[in-house]
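Remarks on the structure that follows.
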Amino acid sequence: MSTHHPSGTVLRGVGVGAGRVIGPVRRMPHPITAPEEGAPLPAGATVESETERLGAAAQAVAANLRARAASASGDAAAVLKATALMAGDKTLLKAAGKLVATGTSAESAIWEAAEAVALQLEALGGYMAERATDVLDVRARIVAELRGIPAPGIPEADEPFVLCAEDLAPADTAALDPARVLALVTSAGGPQSHTAIIARSMGLPAVVAAPETAGLTDGTQVFVDGSAGVVIADPGPEEEAAAAAYAQRTPLPAFGGMGATADGHRVPLLANVGGGADARAAAEAGAEGVGLLRTEFCFLGREKEPGHELQVSAYREVFDAFPGQKVVVRTLDAGADKPLPFLTDSTEPNPALGVRGYRTDVSVPGVLARQLAAIAEAAGASTAEVWVMAPMVSTPAEAADFAALCAAAGLRTPGVMVEVPSAAVLARSVLANVRFASIGTNDLTQYVMAADRQLAPLAALNDPWQPAVLHLVRHTVEGGVQAGGVPVGVCGEAAADPALAVVLVGLGVATLSMNRRALSPVSAVLSTVTLERARELAALALDAPSAAEARKRVRAELPDLERFGL
């Protein structure tokens, strides 16, 4: 139930995307719930009146989609036009009409008819199977129209707005238009949630895990400070001045393609990518290579393991975007929030602590060896310097086994991801078996703090500024030195926070990998401090009693954050 917040009320959450803006709230509509199966005609309705109501709802949905298509462009326009056609599809409406004729309500009829059509399309496979999603989208829109409630998805508005939601599904975030959405605010989620990662990649101010924002109503003016994690209802002159100052911030210089501290200490700034298009965009943004290629893009959404040629072709696209430069490939990280039908066990009681990442090679042997063979072939046909690392490595023996698998495939630079605390604690022994390591701060944080990174109530624990996490980063770096100079990078979201990036460099991290939008802010802030100063700031963070205090201490010593609006 909505609660009105008095003017100037401060609602606190976790800031995950820097920026200070003011705008009206638009709430994300709730998902459409399924009607009762075979529900009868409403009281007083006839077959004729219900059929007419169904037709009118379908026409209204089609007209709305056509109008949106007319004002959209490119891929968005094409998708909206195709969906509008589906809303007026005679086959779908005829099937629903037959159910209405048997005495079923319009809502139940369109729901069941669309389900049948979607199943038929999925059975056809290929392009037709992709249309099944459109059918289900249209179904939800028609039912919403019949119920007189907002359609699902990102709300429509005549002016830019602050999008408020419980949390956003991946499909919702794909439809976000930064020209229309000023900021994101969620009552659930956490600093490592999908919503947080999307907000950072789009450069949107964002606050997550702010439970009191569930009471904000449509039209309420709010001030959002994505750095401080604050949302203020009905802001006053002070907030207006802060938003105005942010709008007049010093523009960030474009990343020049060479990350370094003020005294010239080189810190290569790499990109996290999930496919060829992503890699090309990162190369255009000046990334010095790829620090994390998420190979799941090749596997997700498939019932069967992709074939050798398909994998080779997909990896080549990424390698070719970075000729002569380093590309770090992470082998398949399936399990937990990325289940695969042919690889993961959906009945696991606690998937985050289950058979995921490198561990799947034990339960389903052969998939990893075949992936390494495809990576090796793609690397052999490219000039990119290909390094390969395994996720979720826990012991020195696992690191040695993975290095052996890489050697058998002809891959010369094996590495491991450090995200399980045991790998950090035993870093010297683990890294003695490989050529490099990369710390995945998202998972390392949730495991060190025993806090599920998707849970809003645990958001404060699930923060990479936690001193316990930073101590393990330092310990891992020291382990690399003791193992003979094995370099340790960071590819988790922590590397995209300009202030935390300075701390990581001060802890001895060799490279930082991030979403391409973070390259410019991280580079700009890093270039304002010497290596010695970064070490001093790292010591401040290590000695802090909490994540909030660590962040506060370091940010207070970096005045350029304010200048750049970070």
Checklist entry - Quick one: Ala244 ticks every box in (1) within 27 Å of the chain's Cα centre (by Cα); (2) aliphatic (A, V, I, L, M); (3) modelled with pLDDT of 90 or more; (4) not in a loop (DSSP other than H, G, I, E, B) bar one, so which box is it? => result (1)
Checklist entry - among the small types (Gly, Ala, Ser) and open to solvent by less than 40 Å² (accessible area, probe 1.4 Å), is that true of Gly259? => result yes
Next on the checklist: Take the residues in region 280-300 that are open to solvent by less than 60 Å² (accessible area, probe 1.4 Å) and in contact with a Gly (Cβ under 7 Å, 6 or more places away or on another chain); name whichever of them is nearest to Ala495 (Cα to Cα).
Outcome noted: Gly291
Next on the checklist: Just to check your reading of the model, which residue among Glu239, Glu303 is at pLDDT 90 or above and either over 21 Å from Val416 (Cβ atoms) or open to solvent by 10 Å² or more (accessible area, probe 1.4 Å) (or both)?
Outcome noted: Glu239
Item to check | Residue ranges of helices (runs of 4 or more DSSP H) in region 467-566 with at least 2 members modelled with pLDDT under 95 and open to solvent by 40 Å² or more (accessible area, probe 1.4 Å) | outcome: 547-556, 560-563
Checklist entry - Within the set of pairs 6+ apart or on separate chains, which have a first residue in region 33-60 that is in contact (Cβ under 8 Å) with a residue 60 or more places away in the chain, a second that is assigned to a loop (DSSP other than H, G, I, E, B) and open to solvent by less than 50 Å² (accessible area, probe 1.4 Å), and C-beta atoms under 7 Å apart? => result Pro35/Ser105; Ala39/Ser105; Pro40/Gly103; Pro40/Ser105; Leu41/Gly103; Leu41/Ser105; Pro42/Ser105; Ala58/Gly88
Next on the checklist: Can you pull out every residue in region 372-384 that is part of a helix (DSSP H, G or I) and among the hydrophobic types (A, V, I, L, M, F, W, C)?
Outcome noted: Leu372, Ala373, Ala374, Ile375, Ala376, Ala378, Ala379
Next on the checklist: All but one of (1) within 27 Å of Cys491 (Cβ to Cβ); (2) open to solvent by less than 10 Å² (accessible area, probe 1.4 Å) hold for Leu163; state the number of the condition that does not hold.
Outcome noted: (1)
Next on the checklist: Quick check on region 40-55: of everything there that is more than 13 Å from Ala96 (Cβ to Cβ) and out of contact with any Gly (no Cβ under 8 Å at 6 or more places or on another chain), which residue is modelled with the lowest pLDDT?
Outcome noted: Gly44
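Listed here are the residues, each with its yes/no results for (1) open to solvent by less than 50 Å² (accessible area, probe 1.4 Å); (2) not in a helix (DSSP H, G or I).
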residue: Arg370; (1), (2): no, no
residue: Val388; (1), (2): yes, yes
residue: Val393; (1), (2): yes, yes
residue: Ala400; (1), (2): yes, no
residue: Ala408; (1), (2): no, no
residue: Arg412; (1), (2): no, yes
residue: Val430; (1), (2): yes, no
residue: Asn433; (1), (2): no, yes
residue: Asn442; (1), (2): yes, no
Checklist outcome for this item: Taking region 113-124 and keeping residues at pLDDT 80 or above and open to solvent by 60 Å² or more (accessible area, probe 1.4 Å) leaves Glu115, Leu119, Gln120
Next on the checklist: Take the conditions surrounded by fewer than 20 Cβ atoms within 10 Å (Cβ to Cβ) and over 24 Å from the mean Cα position of the chain (by Cα) and apply them to Pro251. Does it pass?
Outcome noted: yes
Next on the checklist: Which of the numbered conditions does Thr217 fail, given that it passes all the others? Conditions: (1) of a type in the set (Val, Ile, Thr); (2) open to solvent by less than 50 Å² (accessible area, probe 1.4 Å); (3) over 20 Å from Ala548 (Cβ atoms).
Outcome noted: (2)
Next on the checklist: Could you go through region 268-279 and let me know if any residue there is in a helix (DSSP H, G or I), over 26 Å from the mean Cα position of the chain (by Cα) and surrounded by fewer than 17 Cβ atoms within 10 Å (Cβ to Cβ).
Outcome noted: no
Checklist outcome for this item: Filtering strands (runs of 3 or more DSSP E) wholly in region 125-220 for at least 3 residues that are at pLDDT 90 or above and farther than 22 Å from Asp463 by Cα gives 161-165
Next on the checklist: Checking the structure you have, find out if any residue of region 457-464 is buried (at least 19 other Cβ atoms within 10 Å of the Cβ), touching a residue at least 40 places away in the same chain (Cβ under 8 Å) and not in a loop (DSSP other than H, G, I, E, B).
Outcome noted: no
Checklist outcome for this item: The lone condition Ala233 fails out of (1) closer than 27 Å to Asp134 by Cα; (2) in contact with a His (Cβ under 7 Å, 6 or more places away or on another chain) is (1)
Checklist entry - Got at least one residue in region 220-229 being in contact (Cβ under 8 Å) with a residue 24 or more places away in the chain, out of contact with any Gly (no Cβ under 6 Å at 6 or more places or on another chain) and more than 27 Å from Trp465 (Cβ to Cβ)? => result yes
Checklist entry - Does Ala437 count as part of a helix (DSSP H, G or I) and at pLDDT 95 or above? => result no
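The values are calculated or read from the model by the stated rules, or taken from the named source; none is laboratory data. If you're wondering where the values come from, they're calculated on a predicted model, not measured in any experiment. Heads up, the Cβs are rebuilt from the backbone with ideal geometry, glycines too, and the neighbour counts pull from every protein chain shown. Surface accessibility is based on the protein's heavy atoms, side chains included, excluding ligands, DNA and RNA. Shrake-Rupley method; radii C 1.70, N 1.55, O 1.52, S 1.80 Å.
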